[in-house]
Amino acid sequence: MLLGDRLKELSAVDDGACDPTEDLLAKIREPADLRQVPRDRLREVCDEMRAELVELGAVRGGHFAGSLGTVELTIGLHWVFDTPRDRLIWDVGHQAYAHKALTGRREQLIKIKKADGPSGFLRRSESEYDVFGAGHAGTSISAGLGVSEGLRRQGREGCSVAIIGDGSATSGMSFEALNHAGHLEADARVVYNDNGMSIAPSVGGLKKTGDARKYFESLGFQYLGPIDGHNLDELLPALEQLRDSSGPVVLHAITQKGHGFAPSEADPYGWHACKPFDPKTGKHLPGSGKPSTPSWTQFFADALIAIADRDPRVVAITAAMPDGTGLDRFERAHPDRVYDAGIAEQHAVTFAAGMATENMRPVCAIYSTFLQRAFDQIVHDVALQNLPVTFAIDRAGLVGADGPTHHGVLDIGYLRMIPNLIIAAPRDENQLQHLLATAIESGRPFAVRFPRGNAVGVELDPEPKAIPIGKAEMLRDGQDVALFAIGKAVEAATKAADLLAAQGISARVVDARFVKPLDDQALVSAAERYSRIVTIEDHMATGGFGSAVLERLAMLAPDARVLVCGLADRFVEHGETDDQWAAGGIDPESIATRTVDWLKKS
Ligand SMILES: Cc1ncc(C[n+]2csc(CCOP(=O)(O)OP(=O)(O)O)c2C)c(N)n1
């Protein structure tokens with residue numbers, strides 16, 4: 001439907017109250033409506049969009065500065081290209097809120113990342129305009145090239161355009177895709193959204209030399225630009241040129257992260273994501289007032305600082321997440337002992353392995369979900385050579401609002417099968433500091449996984465100290481059943497034991513501490529005493545901690561019966577973490593109920 005028709009329709013509904021000269025955005029239900037807006041009014045659409053995104057961020061918080069910086073790009077792309085026939089492929093998706101608003105999801109944005117609202121990233125199931133799902137960085141050029149080849153081979157109409165930030169372009173996959181596109185001489189259109197920022201300032205030789213033209217041209221790309229990505233007079237003709245080109249072609253758009261809102265312009269790092277704020281001042285709204293326990297991440301950083309104080313071999317490596325992993329804090333204490341490798345998890349791990357061959361003790365601080373990228377590097381470069389690299393795996397378990405692209409619920413599975421690798425998970429921040437010391441002092445490949453959010457709030461021992469590897473800890477004894485839990489699930493197991501006690505069932509609670517090696521003695525003693533063991537973990541049941549227990553008991557005590565409380569074989573949607581635990585059957589109530597039912601049956 002034409003915008004004019006839509007305006008008339010809306011005017012009729014609104015009893016003539018609708019003024020077609022105002023609130024253009026409200027009339028745009030889909031990109032076809034946007035394309036009816038005359039060029040000289042696109043500025044107004046951009047301004048309205050930006051104001052709306054500021055309002056949204058003020059109320060909801062969440063990813064913020066990235067989308068403010070892509071307002072003109074988004075509107076320009078949907079105006080110049082014939083979407084959805086032409087396929088826009090956004091990298092990551094945290095900067096695609098304007099894209100969501102233009103493609104029929106404007107009213108739902110207020111519920112973004114809530115269980116009944118849109119995802120914070122891109123999802124094919126959410127909209128035909130989300131051509132390729134995302135959440136992890138560096139996929140768009142590969143996907144765009146694949147889409148382009150798919151279209152060409154079948155003679156389908158349309159083209160693909162990958163939109164990638166300079167941060168995401170530091171990923172190895174982006175280079176691989178550019179190299180392949182240059183080789184194929186395929187119709188690979190790329191918009192290089194260069195704002196100088198990843199979450200933190202971007203890193204890399206390309207950023208240092210600043211010679212993007214040379215980079216792209218050396219890989220066989222036609223290079224357009226650089227242009228000011230906020231100036232429509234530059235942007236629109238450049239996008240038209242991009243549209244009308246063939247072969248591999250990149251448009252270099254310079255943008256400002258956080259553009260158009262003074263606080264985020266001044267501090268794009270701090271405003272990558274935000275808490276609700278006052279849109280007039282940019283001041284964050286006060287929280288509940290109750291001081292909360294610091295995050296697991298902060299305790300990790302403090303423990304690492306203490307260990308590095310006494311061990312000069314310790315260095316820390318991040319893949320573009322110095323703030324998220326607490327390494328910014330570490331860096332303040334130990335300047336010069338942190339490496340930001342860019343969004344390059346694979347490289348970060350092998351780089352660490354190289355250092356480890358020279359008697360260093362590198363600690364790779366990487367989120368569980370992003371470490372998935374580096375699987376072969378962990379196998380081939382670290383574990384096979386038995387090198388002393390520590391993996392500090394943050395955001396392990398269910399992460400809530402970021403949803404299935406960001407849950408860290410596969411790591412036990414993909415690490416457990418790797419020989420030489422030790423895997424542990426602390427139940428609280430005090431255990432975290434000790435496990436970190438254990439890892440670094442072990443001289444072995446060692447993974448310590450810990451969750452997102454506030455830590456438990458226990459008292460800390462004065463300093464991190466190594467503990468025996470593979471030793472579980474019994475937290476309470478009982479008569480009827482044993483609960484074996486790992487990491488954050490230990491707290492749930494302890495609460496479940498209380499609920500069971502109220503029903504007259506007395507449970508032993510064991511903090512396994514290690515997934516690998518398991519504590520055989522603790523398992524056998526429980527199997528002999530109860531012959532019934534419940535395992536609890538914030539991880540997939542398939543291939544997880546419970547699986548490990550089952551495998552071990554099949555050898556050590558084959559008569560033992562095991563109830564595995566882990567996540568079922570499906571992706572968990574975005575929403576509140578507590579709801580995700582409950583839906584996954586791993587919250588205290590579910591564990592207690594499942595245990596009671598199971599004991600009755602067996
Ligand atoms: C594989 C992977 N590692 C890390 C991240 C976390 N992350 C999300 S956005 C982002 C920065 C992206 O920078 P850029 O592409 O330049 O976009 P900008 O926010 O600057 O617009 C990072 C590191 C991720 N999504 N995927």
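We did not get these values from a lab; they are worked out from the coordinates using the rules stated. Only a predicted model underlies this, so the values are computations on that prediction, with no experimental measurement involved. Backbone-built Cβ (ideal geometry, glycine too); neighbour counts: all protein chains shown.
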For L483, the residues 5 or more places away or on another chain with a placed amide H closer than 5 Å to its own amide H are R508, V509, V510, V534
Diffusion constant of segment 3-274 at 4 °C, which comes from Stokes-Einstein with the Kirkwood Cα-pair radius and 1.567 mPa s, µm²/s
69 µm²/s
According to the square roots a ≥ b ≥ c of the eigenvalues of the Cα gyration tensor, what is the shape class of segment 296-449, taking rounded for a/c under 1.5, prolate for a/b larger than b/c otherwise, and oblate for the remainder?
rounded
Compute from the Cα atoms of segment 397-483 the Rg and the Dmax, the latter being the longest Cα-Cα distance, and quote both in angstrom.
14.9, 41
Counting only helical runs of four or more DSSP H residues, what would the 222 nm mean residue ellipticity of the chain come to if each run contributes -39,500 (n - 2.57) and the total is spread over all its residues?
-11000 deg cm²/dmol
Taking Cα atoms only, helix 232-244 is inclined relative to the longest principal axis of the chain by an angle, in degrees rounded to 10, of 80 degrees
Please state the relative contact order of segment 341-397 as a whole percent: Cα pairs under 8 Å, 6+ residues apart?
44 percent
What are the ³J(HN,Hα) couplings of segment 389-404, residue after residue, when phi is run through the Karplus curve with 6.51, -1.76, 1.60 and θ = phi - 60°? Round to Hz, x for glycine and proline.
9, 9, 9, 8, 9, 7, 6, 6, x, 7, 10, x, 5, 6, x, x
Express the Stokes-Einstein translational diffusion coefficient of segment 473-601 in µm² s⁻¹, to the nearest whole number, given a Kirkwood radius over alpha-carbon pairs, 37 °C and a viscosity of 0.692 mPa s.
228 µm²/s
Please give the contour-minus-distance gain from D244 to K495: 0.36 nm per residue of separation, less the Cα-Cα distance, rounded to one decimal in nm.
84.1 nm
Span from the segment 28-93 Cα centroid across to the segment 197-220 one, whole angstrom
26 Å
Normalised by the number of residues in segment 3-274, what is the relative contact order in percent for Cα pairs under 8 Å and 6+ residues apart?
19 percent
Could you tell me the distance between the Cα centroids of segment 258-322 and segment 98-122, to the nearest Å?
25 Å
With labels modelled as points extended 7 Å from the Cα through the Cβ direction, what inter-label distance (nm, one decimal) is found for E107 paired with R529?
5.9 nm
Residues F545, F375 arranged by fewest to most Cβ contacts within 10 Å:
F375, F545
Calculate, in whole percent, how much of the Cα-Cα pair population of the chain lies beyond 35 Å.
44 percent
Which whole-Hz couplings ³J(HN,Hα) result when phi for each residue of segment 222-228 is put into the Karplus expression 6.51 cos²θ - 1.76 cosθ + 1.60, θ = phi - 60°, listed in order with x for Gly and Pro?
6, 10, 10, x, x, 10, 7
Helix axis angle, 71-80 relative to the chain longest principal axis, alpha carbon, degrees:
60 degrees
Rounded if a/c is under 1.5, else prolate if a/b beats b/c, else oblate: with a ≥ b ≥ c from the C-alpha gyration tensor eigenvalues square-rooted, which is segment 167-317?
oblate
Scoring segment 296-449 by relative contact order with C-alpha pairs under 8 Å, at least six apart, yields a percentage of 23 percent
Quick one: Cα centre-to-centre distance for segment 352-418 and segment 503-523, in angstrom?
25 Å
Ranked from highest to lowest mean number of other Cβ atoms within 10 Å per residue, what is the order of the peptides 147-159, 209-221, 84-96?
84-96, 209-221, 147-159
Check which residues have an amide H placed less than 5 Å from G196's amide H, if you skip close sequence neighbours.
D166
Under 18 Å, Cα to Cα: Lys pairs in segment 3-274, sequence gap 8 or more or different chains
6
